[in-house]
Amino acid sequence: MKKRNYINEVYEVTKCIPEGRITTYGTIAAFLGLGSARMVGWALNKSFSEDDVPAHRVVNRKGELSGRVHFPNPTMMQELLEAEGVKVENDKVVDFDRHYWHPEMSMEE
DNA sequence: AAGGTGACAGGGT
DNA sequence: TACCCTGCCACCT
């Protein structure tokens, strides 16, 4: 099974997200120039089989834990975020803008 | 080979 | 402000 380059890029960016920080699919897509945020979602879906990727730190533009159903346990994503200091309420991140992280903050090439 | 799906985003109503 | 529809591109059946 061949890994697409862009998928590997998504993993790298996601791994660089600091604890207690979150970002969006669209942000990663734009940073990597993928053109569509859906690619990021697909890439992260495979991340469970590929490597230890903090996919719980990636949410959609509304700050909702849209990907929690893809975790081993639907509640795991929220638990992980709260354990890192990110408060989640009603499946949405509280103070989304405050925890927001941008790849350029740490990954400048 | 063609059609449908999906961890999204943006604009319009 | 919230909900609905459309556009996106790769993967799966």
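The values are calculated or read from the model by the stated rules, or taken from the named source; none is laboratory data. Not measured: the values here are computed from a predicted model. As a convention, Cβ positions derive from the backbone with ideal geometry for all residues, glycine included, and neighbour counts pool all protein chains shown.
Some observations on this one:
- Filter result (in a helix (DSSP H, G or I), of a type in the set (D, E, K, R) and within 26 Å of A:Leu32 (Cβ to Cβ)) within the stretch A:82-109: A:Asp97, A:Arg98, A:Glu104
- Residue within the stretch A:41-61 that is away from DNA strand C (no atom under 11 Å from the Cβ) and touching a residue at least 60 places away in the same chain (Cβ under 8 Å) present: no
- Within the span defined as the stretch A:67-80, every residue fails to be hydrophobic (A, V, I, L, M, F, W, C), within 14 Å of the chain's Cα centre (by Cα), away from DNA strand B (no atom under 12 Å from the Cβ) and at pLDDT 95 or above.
- So A:Gly20, is it in contact (Cβ under 8 Å) with a residue 40 or more places away in the chain and on the phi > 0 side of the Ramachandran plot: yes
- Residue match in the stretch A:44-59 (condition: loosely packed, with under 13 Cβ neighbours inside 10 Å and of a type in the set (A, V, I, L, M, F, W, C)): no
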